[in-house]
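The numbers here are math on the coordinates, done by the rules we state, and not lab data. None of these values were measured; they are calculated from a predicted model. Cβ sites come from the backbone with ideal geometry, for glycine too, and all protein chains shown count toward neighbours.
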Amino acid sequence: MGIKLLAPLLAISLVWGNYPDIDRLIEKVKVRRVGLSTKEIAQLKNPFISKKKLKKVIKVKKVKRTKKKRFRATLYSIFNNRAKINGRWRKIGDRIGPYRLVFINAKGGYVVLRQGRKELKLFLPRRTRKVNLISRGNS
């Protein structure tokens, strides 16, 4: 415990030892200082700039926020291993926007689009699923 008390005392003595005329410095700080008169302050130019002047000095660009264009795809029908998506007939491997058509399931009434790891399933509307077309060979 004596060492803990001795260390701060030693530090204080080193600080006070470097300033032998500390009393004189403290007296200088206590002396009242004279500032500017009110007339002199009134004559000074405002150090702050107004918004109007700031706009003249710096042309402020407003950043336009662009909305992300969402990808939309609609499955209209499936026939003979082809799918009508967004009004065009597509087969497996075709690109639809950023996606690629990878699977067509006629019985389930859906197709699968893939972009990297993302998969998107498009389903036929319910009213269209009831229609089943069966193609038969010539007899």
Neighbourhood charge, 10 Å Cβ-Cβ cut-off, centred on Leu75 and excluding it, Lys, Arg +1 and Asp, Glu -1: +3
Under-5 Å amide H pairs with Arg90, H placed in peptide plane, nonlocal only: Ala83, Lys84, Ile85
Karplus (6.51, -1.76, 1.60) ³J(HN,Hα), θ = phi - 60°, over segment 31-43, in Hz, Gly and Pro reported as x: 5, 5, 9, 9, x, 7, 6, 5, 5, 5, 5, 5, 7
Above-threshold pairs, the threshold being 29 Å between Cα atoms, out of Lys69/Lys107; Lys39/Lys59; Lys64/Lys84; Lys91/Lys118; Lys69/Lys118; Lys84/Lys118: Lys69/Lys107; Lys39/Lys59; Lys64/Lys84
